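J.: Below is a structure I'd like to ask you about.
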Number of protein chains: 2
Amino acid sequence: MYLTQCLHRAVQQYPDRTATAFRGRRRSYGEFGERVARLAGALVGLGMAHGDRVAMLAPNSDRYVEYIMGVWWGGGVLNPINVRWSVPEIVYSLDDCDTRILLVDDTYLPHVEAIRAKAKHAPLVIYAGDGEAPEGMLSFETLIADTPPIEDAWRGGDDLACIMYTGGTTGFPKGVMQTHLNLWSGCVPRLAEMPQPPNCVVMHVAPLFHVAGLGRVVTQFLAGGTHVLVPSFDAGELLATIEREGVTESVLVPTMIQALLAHPDLSRYNLSSLRRLYYGASPSAGAMVEQLLAQFPGIELSHSYGLTETCPVVSSNPPENHSDAARRSGLSRSVGRGGIGVTIRIVDAEGREVPRGTVGEIVVRGPNITPGYWNKPEETARAMRNGWFHTGDGGYMNEQGYVFIVDRIKDMIVTGGENVYSAEIENVIARHPAVAMCAVIGVPHEHWGEAVHAVVVLKPGAKLDEATLREHCREFVASYKCPKTVEFRDALPLSGAGKILKKDLREPYWSGKARETK
Amino acid sequence: MYLTQCLHRAVQQYPDRTATAFRGRRRSYGEFGERVARLAGALVGLGMAHGDRVAMLAPNSDRYVEYIMGVWWGGGVLNPINVRWSVPEIVYSLDDCDTRILLVDDTYLPHVEAIRAKAKHAPLVIYAGDGEAPEGMLSFETLIADTPPIEDAWRGGDDLACIMYTGGTTGFPKGVMQTHLNLWSGCVPRLAEMPQPPNCVVMHVAPLFHVAGLGRVVTQFLAGGTHVLVPSFDAGELLATIEREGVTESVLVPTMIQALLAHPDLSRYNLSSLRRLYYGASPSAGAMVEQLLAQFPGIELSHSYGLTETCPVVSSNPPENHSDAARRSGLSRSVGRGGIGVTIRIVDAEGREVPRGTVGEIVVRGPNITPGYWNKPEETARAMRNGWFHTGDGGYMNEQGYVFIVDRIKDMIVTGGENVYSAEIENVIARHPAVAMCAVIGVPHEHWGEAVHAVVVLKPGAKLDEATLREHCREFVASYKCPKTVEFRDALPLSGAGKILKKDLREPYWSGKARETK
């Protein structure tokens, strides 16, 4: 499981097939292979030794795919930077895993000066845009033009392929170590479960610094098809790209799918090439699936569940479970079953398997599981117990092995010995027409241990009182699940990625008390 | 890549599906999983520690599949014995890798006494037949009935899964070490390249002690379908089994396929379930393919190339390359292209890649390649050079990466600086109606270095002289490829498996000379 193997195969067997397409620029696998071997030579020439990290801070492009393969070809390790991060977060990741080379394109040029000033070791910067390299930076294109191709470093197996930083919502970001074996094992079985023909054309919209994006790049290399790169989400550009490139499949999140479906020019594009959409876990995907199947009859939908630590896929719900019957039976709400190589169990707090239908923590094992967090042995030990990676997600498994996710374990509220899943109650509260946003947390309670507490933001001009909201909840869920207390606010604290920071909501209630707030 | 993972998945997701069928006896995956966990417990109770070898000497059966999974579940390593071997060969393999537990069924009971007497450590013997266990042996069924199931040992990755002994024709047998990762990596990509539906029913005719048989068992476990076991090749039994079990696919060698096609009752069986046949490399498969496609229109044929050391598949020629057009273009004679994870090169004696179309040695690298031969570091170093496993097979690659095998490298004759492939000349000689069998070898020649020499066995009563045979050859191949000398014999020296022992033919010519005869 050298991740470069698929490039050897492409160059040997189908050098004329299109490897990358980016805004009309196309490169064949022959050309791509040559550029990768030259870029690898340049990086090695700039000091990249085996195992050294190289970062990229840029939206999706054909050069991003060359960066991925070029670093691996030269024996290095990716540090693909989340473009939504602030400079201090970027600098933290560069410092944490000692990254000395940084690729940027035009979009993030303005960050370079601050990064250089604040990083422990000011990185060597390579400009990977279309123009001239700014002063003090090397040019991606010049390096490729001037460096002869080198032989593959043939890194593989347990060698690191990537350090991918996750989360800012739960404290300092953690660098998830992903080996060649991890990414290979997380991607090859996907092809066995949902085969892709060699002429498949995948559109990468999900950012390549995210494990879903990187995983799809690896899977597409294994399949041997064409990568179409889209730098950011714009429904119109996506529709035009699908038509122009004959895109056959893509990974999208539900909000993107909804935007596509709502686009006024949807019917003016020829989207007949589109055969399959993969989408990420979402509790509200039901209506979207129905609309999607009405718009694209016969399209294959696959719903996957995974984490950065599982490189990426834990389970997938295949197209046949999106049928009318499956939607009626509720099977379409499952995230699927453990695939080839990945074993899933649902366990209690002591790690014992719980009976089917009972909610517990989802734990997994398999060759796709990260060896741990970079330089964080304690966090690694907390996640990896008795050989099982603890996802922190709560869920249950039905008799056929299908997994249903209910909540983050740490968002689960234990009140009077009963488990309440905040997501369930948030969905109920959100149905009230006056509610714009809400969060449900557990707060300390003398008698019940924890009590259900709701924090609610109303729509502009809307009115709602606590008693009415509690009544609304009681219509849908058992009384013990309804909020004991409700707090109305003007806004909720959000992370950079738009996630509600429940930790901040919990803190004032729990400071000095036993519950671990993270 | 725990090889037991597929059993966890089966028991969790489809416990009622049929796991094994043997002469009408069927066991569900639920039952199979329970028996495996009990057998593992019994083996551990008998002293099998992690990494310990356990042998089985028996034809294919459902218990053979339980042995495979049970040994892995308990943390042990398979030593599946070639049933064609003599007692000294069996004892050699037991002694060589220190195997202390041996499973036998009725067929090979007569060997047990001699094995016990001659082995360095008389093995503990488990009788895995249908009757009562003979005195001094344990009973497979009693062990399963009496032992509670144990938890999986979760061995995987670089842990050994099997030591498979190969060849007696080239000196002492060598124990090829096959890790969990090797077998997983040799099998998972097969499913990506030729997907199998979960309801597939595979008939195992190829012996399970052979890598083709074991590899298909692993692939079928990954696919999650049913294993149908056939103990030995009998065309009539095969036809009846296909009908009775609804067999969808099987691995067969060309002689088996020919026997099936020639069976007088062929048309009386309902063979409509048969969807796919995998067959091993054979130079004379052309006519068979034509006949097979005429008899079973629409059947998918896949031709694979592999070795015990490649666990098992190096390359496969898919169904589409068996079409009329592919047969006319010669593409159907290829063994296919490097698959997902396996990189193939054709190299010269110094390890340099040769141009397309030029014959050289086939070398491969990938996660499926054995770490080496048990206790034979020198043999390992000879085969594994610069990261590439040297197959010993000569072949060439066309512009699209398709590999064509021409000969074993050591059977190649270098005469006057030209390479002559003995297989090519043997095929020409065999076309002469008077010839029953032949072998072509290189013998020392003062002027040419080596000279082409043919050893020929005539059909009973047939007559042929050297000059006529040379003339026959000259009709088909260049003069330098024609035998300089011909020797007529009553018989050729054969190995137990029916292979011609060219080493014995060469020896008298080369003893004391430089050519290495192996």
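J.: Inside segment A:166-195, can you point out the residues that are within 30 Å of residue A:88 (Cα to Cα) and either within 12 Å of chain B (Cβ to nearest Cβ) or at pLDDT below 95 (or both)? Break it down into steps so the answer makes sense when it comes.
T.: Kept after step one, since they are within 30 Å of residue A:88 (Cα to Cα), are these residues of segment A:166-195: A:166-180, A:182-183.
A:166, A:167, A:168, A:169, A:170, A:171, A:172, A:173, A:174, A:179, A:180, A:182 - these are the residues of segment A:166-195 that are within 30 Å of residue A:88 (Cα to Cα) and either within 12 Å of chain B (Cβ to nearest Cβ) or at pLDDT below 95 (or both).
J.: When you check residue B:131 against the structure, is it at positive phi, open to solvent by 40 Å² or more (accessible area, probe 1.4 Å) and over 18 Å from the mean Cα position of the chain (by Cα), yes or no?
T.: For residue B:131, the condition - at positive phi, open to solvent by 40 Å² or more (accessible area, probe 1.4 Å) and over 18 Å from the mean Cα position of the chain (by Cα) - is not met.
J.: Against the definition (over 27 Å from residue B:158 (Cβ atoms), outside the structural domain of residue B:27 (by TED's automatic domain parsing) and open to solvent by 30 Å² or more (accessible area, probe 1.4 Å)), how does residue B:264 come out, yes or no? Please lay out each step first, then the result.
T.: On the way: over 27 Å from residue B:158 (Cβ atoms): yes; outside the structural domain of residue B:27 (by TED's automatic domain parsing): yes; open to solvent by 30 Å² or more (accessible area, probe 1.4 Å): yes.
Judged against the criteria, residue B:264 is a match.
J.: Of all residues in segment B:380-392, how many are in contact (Cβ under 8 Å) with a residue 24 or more places away in the chain, open to solvent by 20 Å² or more (accessible area, probe 1.4 Å) and away from chain A (no Cβ under 13 Å)?
T.: Total meeting the criteria: 2.
J.: Quick one: in segment A:393-411, of everything that is open to solvent by 50 Å² or more (accessible area, probe 1.4 Å) and more than 16 Å from residue A:354 (Cβ to Cβ), which residue is farthest from the other protein chains (Cβ to nearest Cβ)?
T.: This residue is A:410.
J.: On to the next question. Tell me whether segment B:196-205 contains one or more residues that are free of Cβ contacts under 8 Å to residues at least 60 places away in the same chain and more than 14 Å from chain A (Cβ to nearest Cβ).
T.: yes
J.: Which one of these does residue B:7 not meet: (1) hydrophobic (A, V, I, L, M, F, W, C); (2) away from chain A (no Cβ under 14 Å); (3) closer than 17 Å to residue B:64 by Cβ; (4) assigned to a helix (DSSP H, G or I)?
T.: (2)
J.: Moving on. Count, please, the residues in segment B:356-379 that happen to be more than 13 Å from chain A (Cβ to nearest Cβ) and surrounded by fewer than 18 Cβ atoms within 10 Å (Cβ to Cβ).
T.: 7
J.: Next question, about the same structure. Kindly provide the set of residues from segment B:344-355 that are under 30 Å from residue A:191 (Cα atoms) and either more than 10 Å from every other protein chain (Cβ to nearest Cβ) or touching a Gly at 6+ places or on another chain (Cβ under 6 Å) (or both), ordered by number. It would help to see each step written out before you state the result.
T.: Taking segment B:344-355 first, the residues under 30 Å from residue A:191 (Cα atoms) are B:344-346.
Across segment B:344-355, the qualifying residues are B:344, B:346.
J.: Outside the structural domain of residue B:166 (by TED's automatic domain parsing), out of contact with any Pro (no Cβ under 8 Å at 6 or more places or on another chain), crowded, with 20+ Cβ neighbours inside 10 Å and acidic (Asp, Glu): which single residue out of B:290, B:245, B:237 fits that description? Walk me through how you get there before you give the answer.
T.: Working: B:290 fails: crowded, with 20+ Cβ neighbours inside 10 Å; B:237 fails: crowded, with 20+ Cβ neighbours inside 10 Å.
After applying the criteria, what remains is B:245.
J.: What is the residue count in segment A:27-50 for residues that are under 19 Å from residue A:218 (Cα atoms) and more than 14 Å from chain B (Cβ to nearest Cβ)?
T.: 10
J.: Go through segment A:59-100 and give me each residue that's part of a loop (DSSP other than H, G, I, E, B) and open to solvent by less than 10 Å² (accessible area, probe 1.4 Å). Please lay out each step first, then the result.
T.: The initial filter retains those residues of segment A:59-100 that are part of a loop (DSSP other than H, G, I, E, B), namely A:59-61, A:74-76, A:81-86, A:97-100.
Within segment A:59-100, A:60, A:74, A:75, A:76, A:81, A:97, A:99 qualify.
J.: A follow-up question, please. So in segment B:206-218, with the set limited to residues that are open to solvent by 10 Å² or more (accessible area, probe 1.4 Å) and in a loop (DSSP other than H, G, I, E, B), which one is nearest to the other protein chains (Cβ to nearest Cβ)?
T.: B:206
J.: For residue B:415, are the conditions met, namely being open to solvent by less than 40 Å² (accessible area, probe 1.4 Å), in contact with a Leu (Cβ under 7 Å, 6 or more places away or on another chain) and more than 13 Å from chain A (Cβ to nearest Cβ)? Before the answer, list the steps.
T.: Working: open to solvent by less than 40 Å² (accessible area, probe 1.4 Å): yes; in contact with a Leu (Cβ under 7 Å, 6 or more places away or on another chain): no; more than 13 Å from chain A (Cβ to nearest Cβ): yes.
No.
J.: Would you call residue A:103 over 20 Å from the mean Cα position of the chain (by Cα) and either under 16 Å from residue A:39 (Cβ atoms) or outside any loop (DSSP other than H, G, I, E, B) (or both)? Reasoning before the result, please.
T.: Numbers: over 20 Å from the mean Cα position of the chain (by Cα): yes; either under 16 Å from residue A:39 (Cβ atoms) or outside any loop (DSSP other than H, G, I, E, B) (or both): yes.
So residue A:103 fits the description; yes.
J.: Go through the residues of segment A:37-44 one by one and say whether even a single one is touching a residue at least 24 places away in the same chain (Cβ under 8 Å) and farther than 30 Å from residue A:232 by Cβ. Step through it out loud before you land on a result.
T.: Here is the first cut: in segment A:37-44, the residues touching a residue at least 24 places away in the same chain (Cβ under 8 Å) are A:37-44.
Still in the running and farther than 30 Å from residue A:232 by Cβ: A:41, A:44.
Checked segment A:37-44: at least one residue is touching a residue at least 24 places away in the same chain (Cβ under 8 Å) and farther than 30 Å from residue A:232 by Cβ.
J.: Could you say which residue among A:244, A:216, A:268, A:276 is within 30 Å of residue A:90 (Cα to Cα) and among the charged types (D, E, K, R)?
T.: Working: A:244 fails: within 30 Å of residue A:90 (Cα to Cα); A:268 fails: within 30 Å of residue A:90 (Cα to Cα); A:276 fails: within 30 Å of residue A:90 (Cα to Cα).
When all the criteria are applied, what remains is A:216.
J.: While we're on this one: Need pairs with beta-carbon distance below 6 Å; first residue under 27 Å from residue A:371 (Cα atoms) and within 13 Å of another protein chain (Cβ to nearest Cβ) and within segment A:309-337, second assigned to a strand (DSSP E or B) and open to solvent by 50 Å² or more (accessible area, probe 1.4 Å); sequence gap 6+ or separate chains.
T.: Hits for this filter: A:315/A:337.
J.: I'd like to check something: does segment B:432-439 contain any residue that is modelled with pLDDT of 90 or more, within 14 Å of another protein chain (Cβ to nearest Cβ) and either touching a Gly at 6+ places or on another chain (Cβ under 8 Å) or surrounded by fewer than 23 Cβ atoms within 10 Å (Cβ to Cβ) (or both)?
T.: No, segment B:432-439 contains no residue that is modelled with pLDDT of 90 or more, within 14 Å of another protein chain (Cβ to nearest Cβ) and either touching a Gly at 6+ places or on another chain (Cβ under 8 Å) or surrounded by fewer than 23 Cβ atoms within 10 Å (Cβ to Cβ) (or both).
J.: Then there is this: Identify all residues within segment A:340-355 that are assigned to a loop (DSSP other than H, G, I, E, B) and buried (at least 22 other Cβ atoms within 10 Å of the Cβ); write none if there are none. Spell out how you get there, then give the answer.
T.: In the first step, residues of segment A:340-355 are kept if they are assigned to a loop (DSSP other than H, G, I, E, B); the result is A:340-342, A:348-352, A:354-355.
Hits for segment A:340-355 are A:340, A:341, A:342.
J.: Whether any residue in segment A:224-231 is in contact (Cβ under 8 Å) with a residue 12 or more places away in the chain, out of contact with any helix residue (DSSP H, G or I) (no Cβ under 6 Å at 6 or more places or on another chain), outside any loop (DSSP other than H, G, I, E, B) and buried (at least 20 other Cβ atoms within 10 Å of the Cβ) is what I want to check.
T.: yes
J.: I would also like to ask the following. From the list A:304, A:273, exactly one residue is open to solvent by 10 Å² or more (accessible area, probe 1.4 Å), of a type in the set (Gly, Ala, Ser) and part of a strand (DSSP E or B). Which is it?
T.: Numbers: A:273 fails: part of a strand (DSSP E or B).
Result of the check over A:304, A:273: A:304.
J.: Here's a follow-up. Among (1) at pLDDT 95 or above; (2) in contact with an Asp or Glu (Cβ under 9 Å, 6 or more places away or on another chain); (3) within 14 Å of another protein chain (Cβ to nearest Cβ), which single condition is residue A:2 missing?
T.: Condition (1) is where residue A:2 drops out.
J.: Would you point out the residue of segment B:442-456, among those that are farther than 16 Å from residue B:480 by Cβ and touching a residue at least 40 places away in the same chain (Cβ under 8 Å), that is surrounded by the most Cβ atoms within 10 Å (Cβ to Cβ)?
T.: Filtering first and then ranking leaves B:455.
J.: From the list A:477, A:457, pick out the single residue that is at pLDDT 90 or above and of a type outside the set (Lys, Arg). Spell out the reasoning first.
T.: On the way: A:477 fails: at pLDDT 90 or above.
From the options A:477, A:457, the qualifying one is A:457.
Conditions (1) in the same structural domain as residue B:343 (by TED's automatic domain parsing); (2) hydrophobic (A, V, I, L, M, F, W, C), marked per residue:
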position	(1), (2)
B:362	yes, yes
B:371	yes, no
B:377	yes, no
B:380	yes, no
B:386	yes, no
B:389	yes, yes
B:394	yes, no
B:400	yes, no
B:421	no, no
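The values are calculated or read from the model by the stated rules, or taken from the named source; none is laboratory data. Nothing here was measured: the structure is a model prediction, and the numbers come from that model. Please note: Cβ atoms are built from the backbone with ideal geometry, for glycine as well, and neighbour counts cover all protein chains shown. These accessible areas exclude ligands, DNA and RNA; they are computed on the full protein's heavy atoms, side chains included. Shrake-Rupley method; radii C 1.70, N 1.55, O 1.52, S 1.80 Å.
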